[in-house]
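In what follows, a single structure is set out as structure tokens and then discussed.
A short reminder: the numbers here are calculations on the coordinates, not readings from a lab. Note that the structure is a prediction, hence the values are computed from the model and not measured. Counting neighbours? That spans all protein chains shown, and the Cβs are built from the backbone with ideal geometry, glycine included.
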Amino acid sequence: AAAPELAEQLYDYFIRQAKAKGVGVEKGVFGAMMTVKIFNDGPVTIIIDSRERHAARNSAGA
């Protein structure tokens, strides 16, 4: 893990890059204690729908 200051800069950079690519991003306060109900454990949840990824690849190659 990075130092908190660097980690927050990297987090903000990642959010900006994702938004620039049109990815829907929801952001909380970095480092804040939050109570969420999820099915995994970690500081970040990234959802990748492989069906969409393969559909885009297949249509590009057609």
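Assorted remarks:
- The set of residues in segment 13-30 that are aliphatic (A, V, I, L, M) and not in a helix (DSSP H, G or I) comprises VAL23, VAL25, VAL29.
- Pairs with Cβ under 6 Å, 6+ apart, first in segment 1-29 and closer than 13 Å to THR45 by Cα, second surrounded by 10 or more Cβ atoms within 10 Å (Cβ to Cβ) and of a type in the set (D, E, K, R): ILE15/LYS27; VAL25/LYS19
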